[in-house]
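Report on one structure; see the data block that follows.
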Amino acid sequence: MRPLMLRGGRVIDPAFEIDGAYDVLVIDGEIDALEPSGTLAPPGDTVVIDCTGLWVVPGLIDVHVHLRDPGFPQKETIITGLRAAAAGGFTTVAAMANTSPVDDTPSIAGYMLEQAHAARATRLIPVSAVTKGLAGRELVDFAAMADAGARLYSDDGIPIDNEAILVSAFREAARINFAISLHEEDRALTGHGACNAGDVSKRLGVAGIPVAAEAHRVRRDLAIAVGAGAPVHIAHVSTAESIELVRAARTRGANATCEATPHHFMLDDGAFARFGPNAKMAPPLRSGEDVAALHAALADGTIDVIASDHAPHDPVSKHLDRLAPLFPGDRDAARLSPDDAEILASSANGIVGLETSLGLALELVDKGVIGVSRLVALMAMNPARLLRLDAQGTLAPGACGDITVIDPKVEWTVDPARFLSMSRNTPFTGRRLKGKAAYTIVAGEVVHAMRPLVEMNRT
Ligand SMILES: [Zn+2]
């Protein structure tokens, strides 16, 4: 493999508080040198990419994606999912365990890693289930799953209802020092709810999901985590109350991190009234006040990680034939009949996110909610720390040659027909975004290029 040099970009690496004009040299898949621009003399056969006007950051990491493989090839495969991830600027993704079969044995994790190898794109970390079959009764073999490649444990999609199981799981997690990622939902409170409980649910005539459905479980699980010593990660926080609970638990010594998704911090439940099934997820889009609380928490560091919760679904599982005509996208749906409300409640949860996550997160920077360095911490440095990927999340010499080059100026329109993901379920169709991954580089190899890679004249 020829050495690779990224020349003249704005390098942002919050691990070392670097933000300036640097050149990055990658040799044999590792960062060989990071020096002020114009001072490096690369070997003669180096491929040089002109990064003038671009941002060069540690490879982005998404700790929460669903690639549906094995089991649901009509929604996504590891190959298509990892290509979508590369196009979205991600160099590593952690793929959740709610596949079929569930990733609760080393052989399934091994299959996922084999497929990832064949994709020749973004790296994959197989997230291990916490309980066998996600059934909430019997723990997986934590150590065996770690040996098979797991660096995070989660029954995501399903909450862990049994407190005693959770206590035992924390004990295992403390032993191997990998985090448990919790999907916090009290399903008794969710009931047949389709969206946030509030004006929108009332207007549409659908059952609502109260804030308490999430907050009760966050409160319970953080109380258990305090003193357990285990790293605990709260997935997709959606409410102001959850954020307050995380802040409070940290002051009491909980080893707790949390993530927010771009849809929860860019949209409120008004989007559900327009997009219905394509804006339906668990937890649901919340109120404008909750969105404002997420912004404050992204800025002040309470939220550690931005994760997409990429959740591809086919039109059948979303019941689009029946529901799409009711939700025109450009205006609110009319009040639903009881039959339609019931079908909406049974429409699958989740939206795709790998190819829109970075563009949406960049809106936070554009609006001044967070700075660029914080964005890189949320999408690269902190995810690497959560997964304990010591050689990632930074561009320091010796680190992996995993790099994302961002064009912060390019304007584009979200067009699901152009997604590399197999699924199209997104409420962001037609949204104008600014900023995109220009190059995604894994171990010194370009796995995605927004435009054909043009080598600089090196003389
Ligand atoms: Zn979840």
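The values are calculated or read from the model by the stated rules, or taken from the named source; none is laboratory data. None of these values were measured; they are calculated from a predicted model. Positions of Cβ are generated from backbone atoms using ideal geometry, with glycine treated the same way; all protein chains shown enter the neighbour counts. SASA here: full protein model, heavy atoms, side chains in, ligands and nucleic acids out. Shrake-Rupley method; radii C 1.70, N 1.55, O 1.52, S 1.80 Å.
A few comments on the model shown:
- Rolling a 1.4 angstrom probe over the protein heavy atoms with all chains in place gives the range 60-386 an accessible area of 34 Å² per residue.
- For the chain, size of Cβ-based charge dipole, Lys and Arg +1, Asp and Glu -1, in debye: 560
- Centroid-to-centroid separation of the range 58-83 and the range 246-279 [C-alpha atoms, Å]: 21
- Estimated FRET transfer efficiency (Trp412, Asp332; beta-carbon r; R0 30 Å; 0.05): 0.65
- Global geometry of the range 344-459, whether rounded, prolate or oblate, following the gyration tensor of its Cα atoms and the 1.5 cut on a/c: prolate
- Taking every C-alpha pair closer than 8 Å and separated by at least 6 residues, the mean separation divided by the residue count of the chain gives a relative contact order of 21 percent.
- Put a plus charge on the Cβ of each Lys and Arg, a minus charge on the Cβ of each Asp and Glu, and nothing anywhere else: the dipole of the range 28-136 about its Cα centre is then about 560 debye.
- Taking amide H as placed 1.01 Å from N in the peptide plane, the amide H of Ala282 sits under 5 Å from that of Gly350, each at least 5 places away or on another chain.
- 3J(HN,Hα) along the range 283-298, derived from phi through the Karplus expression 6.51 cos²θ - 1.76 cosθ + 1.60 where θ = phi - 60°, amounts to x, x, 4, 10, 7, x, 5, 5, 4, 4, 5, 5, 4, 4, 6, 5 Hz, with x in place of Gly and Pro.
- Charge context of Glu289, other residues only, Cβ under 12 angstrom, K/R +1, D/E -1: -3
- Solvent-accessible area, 1.4 Å probe, carbon plus sulfur percent, for the range 60-386: 52
- Restricting attention to the chain, close to 55% of DSSP beta bridges with both partner residues there are antiparallel.
- Overall form of the range 62-104 per C-alpha gyration tensor (a/c, 1.5; a/b vs b/c): oblate
- Ser238 accessible area, 1.4 Å probe, all protein chains in place, Å² to nearest 10: 0
- Contact order normalised by residue count of the range 1-143, Cα under 8 Å, 6+ apart, percent: 18
- With only the Cα atoms considered, the range 99-213 has a convex hull volume of 135 Å³ per residue.
- Relative contact order of the range 120-177, defined on C-alpha pairs under 8 angstrom at six or more residues apart (%): 37
- Cross-link table Lys318/Lys434; Lys202/Lys280; Lys202/Lys318; Lys132/Lys202; Lys75/Lys280, entries beyond 27 Å C-alpha to C-alpha: Lys318/Lys434; Lys132/Lys202
- Whole-angstrom Cα spans of the chain along principal axes, big to small: 71, 50, 40
- The phi torsions of the range 376-385, fed into the Karplus equation with coefficients 6.51, -1.76 and 1.60 and a -60° offset, translate into couplings of 5, 4, 5, 10, 9, 5, 5, x, 5, 5 Hz, rounded to whole numbers, with Gly and Pro shown as x.
- Val130 accessible area, 1.4 Å probe, all protein chains in place, Å² to nearest 10: 0
- Summarising the amide proton neighbourhood of Leu124: residues at separation of 5 or more, or on other chains, whose placed amide H is nearer than 5 Å comprise Val93.
- When restricted to Cα atoms, the range 1-130 yields an Rg and a Dmax of 17.9, 52 Å, respectively.
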